[in-house]
Amino acid sequence: MVKYCQSCNVQKAFMVRPKTGNLICQNCFFQAFEDEIHHTIISTQMFKPGEKIAIAASGGKDSTVLVHVITLLNKKYNYGLHLYLLSIDEGIKGYRDDSLETVKQNQITYELDLKILSYKELFNWSMDEVVAQIGLNNNCTYCGVFRRQALDRGAIQLGVDKIITGHNADDMAETFLMNLLRGDIFRLPKSTAIITGDDGDNGIATLPRCKPFKYTYEKEIVMYAHYKKLIYFSTECTYSPNAFRGHVRELIKNLEAIRPSAVIDLIHSCEQLDAPNQNQKMPQKQLCQKCNLLSSNKICKACTLLESLNQGRAKQILQIQE
Amino acid sequence: MQQKEPKLCKKCKTNNPNIIVQKDPVCKECFIGYVEHMFKMSLRLKCNITQKNEKLLVCFSGGQNSTALVKLASDVVHSTCAHNKSKMFIEVHVLYINESFIMKEFIQEYQPQDYTNFVTNECKLPFQIVDIQSIYPDPYILLQQLHNLSESGSSREDFVRLIKQHIIYDYAIKNGYQNVCFGQNGQRLAADLFSQLSKGRGLSLQSATKYNFSFIYPLNQNKLQILHPLKELLNKDILYYLRLKSNLNFPNFILGQHLSNIVKNKPAHGNIDHLLEQFIDKLQEGFPSTTFTVLSSAEKVTIKPLQQQSHCPLCLEIRDQVYNRLEVETLDNSNQQLINYLRANTKYYNKICFTCNRMLQSAQELENFYNLKGFPPLIVQIADTIQ
């Protein structure tokens, strides 16, 4: 028996839509996927005409689809945005060097300017060197902190107004549950915030980060990339640990299998939360005394981690000299 | 060669230890003493049960947690605690909701359990049994509604839970009980919290895991105190306590598993509550501070102020706010028409909260649900009262 698309009732269904569990044809899927991202952008007033936007591009599926869709919607709906690609080379051989080739391909395909910053040139440390120094414990902490700062620095160099990242609904739901499990009540309400860093606390200007894929499922991103024949790099990071996040990721996948709307339901739950009350001591935003970038302490986390790495290197050099 | 001294109970320093309680090895006797002491302190200090002759309605399901709760309540009332014999001058009544009517429908091999001997003879507490179908004018409507709900995603289990909740609150108010006590331990509360969050009930973060939270019954604005005095305990504590104190056998019927007809091709038989129980239990084994971190975080979280504080007539929770259309619908035309139709053509669509809407999605005869057709008069009355 022929099954028809439950959206248009005309075309034959070609897949089950992960978000709804309904049958859908290819055209309706592409249309809905793009319309929902467009609605996310418009309803949250994410951009203003004339703004310069840096797209954080890693060459993976999320950022590749992000580049494609934002470029498409920018033209279709006349957002008036100036788009740039911003990539960070963490210095992981066999992983990042390969994925950056995909980003360079995207640069050509979408005719966008590309800026690549490396950990080595920014911090004088590549991730391979960091892991050689500290081992496989806490290496993701270093990478995450450095990447955040690297993106900020790259965005400042490009002179952009905002950064957009490919964080999707599954990522947001995972982050929400992880913050609850870790007891991080300060980050909890912001776990699913679509724009972060735009609050300008204490008069300190920060570069806003936007997440147009907030209501977009990871599975749908993969399907969109696959059926649109987009080229992306799909290998996991070499240093992916058996992380705590893995437990939560598995939970989200199982929840989705039982009830497709569970991911959005988690986001909806998080949306009900407010900032911690005034009785809780909130970290104060200030500028780092070393690098002059945003920090919640006198010295930011990146500078603190760098100092510990450099001290370790100094000790090694002394030992060799002895 | 110096021999290692054998470890002794951390509390009495005399006996050999049998169980670890909050990283300390303790013996059986000290463990029972710890549980009894913790229960009394919870009731007095955390649940504010301080007045003489205060009335407590203890909700009993026949499961392990509520059995432990009834046993402890009996010991404090009759001063039969193993250690500290000080009595609490409170009035405890036990309420049991008999689900046999629906269990027989969904489980072929179901055998009804009789708890009268345990509650009345062993624990010597007044015992009230209410049949779950008694709230319905036509009890077979309840079975029909359960069959109409989706077998996956805990929809049926959630529906049964909210019917039971209505029965409990109505009973408590009609019989003058201001305090309603549930037996969930800390680990269960953490799992329940995650389960509620996964169903979109973010507002439950402010109340679902508290020792004591105030609930205003929407029908007559009566205030109820909902208590969780066993919040300090974990699953293993309850199991060990029962092993030492009770001879009851716990049947293997897991209501949820069977109401879902054992959905074979989905994780945890398609039951969200079981999935989250397994998740928390697994994490608790690998990371022993999981439960208390979650409960502590939930205590400190604040909720965004709501424009309107009105209740959902089904679950009695406060209706939350939808901040973006994409939380409720997709833009592929597959559900917008249905939502618009229900909004325009049913009496109570706009009064049902986000999570109850999710419970009802994929149900058959949706109009009957949103018109509360065949529902208990109590629920219809509440729906008509609510703005």
Expected output for segment A:1-30 (first residue within 9 Å of another protein chain (Cβ to nearest Cβ), partner of a type in the set (D, E, K, R) and surrounded by 14 or more Cβ atoms within 10 Å (Cβ to Cβ), Cβ below 6 Å, 6+ apart or cross-chain) is A:SER7/B:ASP332; A:ILE24/A:ARG17; A:CYS28/B:ASP332
Scanning segment B:315-349 for residues that are more than 7 Å from chain A (Cβ to nearest Cβ), open to solvent by less than 30 Å² (accessible area, probe 1.4 Å), farther than 25 Å from A:VAL10 by Cβ and not in a helix (DSSP H, G or I) gives B:CYS315, B:LEU316, B:THR346, B:TYR348
From the option list A:ILE156, A:ILE70, A:ILE88, A:ILE163, single residue qualifying as away from every other protein chain (no Cβ under 14 Å), of a type in the set (A, V, I, L, M) and surrounded by fewer than 18 Cβ atoms within 10 Å (Cβ to Cβ) is A:ILE156
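Conditions (1) basic (Lys, Arg); (2) within 24 Å of A:ARG259 (Cα to Cα), marked per residue:
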| residue | (1), (2) |
| --- | --- |
| A:ILE163 | no, no |
| A:ASP170 | no, yes |
| A:ILE194 | no, yes |
| A:CYS210 | no, no |
| A:TYR215 | no, yes |
| A:LYS219 | yes, yes |
| A:TYR227 | no, no |
| A:THR238 | no, no |
Exactly one of B:TYR171, B:TYR136, B:TYR140, B:TYR177 is aromatic (Phe, Trp, Tyr), closer than 23 Å to B:TYR211 by Cα and touching a helix residue (DSSP H, G or I) at 6+ places or on another chain (Cβ under 9 Å), and that one is B:TYR177
Of the listed residues (B:SER42, B:SER61), the one being in contact with an Asp or Glu (Cβ under 9 Å, 6 or more places away or on another chain), surrounded by fewer than 21 Cβ atoms within 10 Å (Cβ to Cβ) and touching a residue at least 60 places away in the same chain (Cβ under 8 Å) is B:SER61
Counting only residues in segment B:218-236 that are charged (D, E, K, R) and not in a strand (DSSP E or B), the one least open to solvent (accessible area, probe 1.4 Å) is identified as B:LYS231
Scanning segment B:183-233 residue by residue, those of a type in the set (Ser, Thr, Tyr) and either touching a residue at least 24 places away in the same chain (Cβ under 8 Å) or within 14 Å of chain A (Cβ to nearest Cβ) (or both) turn out to be B:SER195, B:SER198, B:SER204, B:SER207, B:THR209, B:TYR211, B:TYR217
Practice task
Confirm whether B:LEU125 is touching an Asp or Glu at 6+ places or on another chain (Cβ under 9 Å) and under 27 Å from B:LYS174 (Cα atoms).
Solution key: no
Counting only residues in segment A:263-311 that are in contact with a Gly (Cβ under 9 Å, 6 or more places away or on another chain) and among the acidic types (Asp, Glu), the one modelled with the lowest pLDDT is identified as A:GLU271
Review point. So is A:ILE37 more than 11 Å from chain B (Cβ to nearest Cβ) and either in contact with a Leu (Cβ under 9 Å, 6 or more places away or on another chain) or among the hydrophobic types (A, V, I, L, M, F, W, C) (or both) or not?
Key: no
**Message:** Against the condition more than 8 Å from chain A (Cβ to nearest Cβ), in a loop (DSSP other than H, G, I, E, B) and either open to solvent by 40 Å² or more (accessible area, probe 1.4 Å) or more than 18 Å from B:ALA208 (Cα to Cα) (or both), how does B:GLN307 come out, does it pass?
**Reply:** yes
Yes or no: segment B:137-144 includes at least one residue that is away from chain A (no Cβ under 14 Å), at pLDDT 95 or above and either buried (at least 20 other Cβ atoms within 10 Å of the Cβ) or touching a Ser or Thr at 6+ places or on another chain (Cβ under 6 Å) (or both). yes
Subset of segment B:354-367, residues touching a residue at least 40 places away in the same chain (Cβ under 8 Å), more than 14 Å from B:LEU197 (Cα to Cα) and either part of a loop (DSSP other than H, G, I, E, B) or within 11 Å of chain A (Cβ to nearest Cβ) (or both), comes to B:GLN361, B:SER362, B:ALA363, B:GLN364, B:GLU365
In segment A:40-67, residues that are of a type in the set (Asp, Glu) and either crowded, with 20+ Cβ neighbours inside 10 Å or under 20 Å from B:LEU331 (Cα atoms) (or both) total 1
Checked segment A:166-183 for anything outside any helix (DSSP H, G or I) and at the interface with chain B (Cβ under 8 Å from one of its Cβ atoms); matches are A:GLY183
For segment B:104-117, pairs from a residue that is touching a residue at least 60 places away in the same chain (Cβ under 8 Å) and closer than 20 Å to B:GLU157 by Cβ to a residue that is open to solvent by less than 100 Å² (accessible area, probe 1.4 Å) and not in a loop (DSSP other than H, G, I, E, B), with Cβ under 6 Å and 6 or more apart or across chains, are B:PHE106/B:HIS258; B:PHE106/B:LEU259; B:ILE107/B:HIS258; B:TYR110/B:MET103
Picked from segment B:262-292 (must be within 20 Å of the chain's Cα centre (by Cα) and among the aromatic types (Phe, Trp, Tyr)), the residue nearest to the other protein chains (Cβ to nearest Cβ) is B:PHE279
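So how many residues does segment B:30-44 have that are within 15 Å of B:LEU242 (Cα to Cα) and more than 22 Å from the chain's Cα centre (by Cα)?
Step one: filter segment B:30-44 for residues within 15 Å of B:LEU242 (Cα to Cα), giving B:30-36, B:39.
Next cut, more than 22 Å from the chain's Cα centre (by Cα) only: B:30-34.
Residues that pass the stated criteria total 5.
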Just to be sure, is B:SER154 of a type outside the set (Asp, Glu), open to solvent by less than 10 Å² (accessible area, probe 1.4 Å) and within 13 Å of chain A (Cβ to nearest Cβ)? yes
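The values are calculated or read from the model by the stated rules, or taken from the named source; none is laboratory data. Since this is a predicted model, take the numbers as computed values, not measurements. Positions of Cβ are generated from backbone atoms using ideal geometry, with glycine treated the same way; all protein chains shown enter the neighbour counts. Protein only, heavy atoms only, side chains kept; ligands, DNA and RNA dropped before computing areas. Shrake-Rupley method; radii C 1.70, N 1.55, O 1.52, S 1.80 Å.
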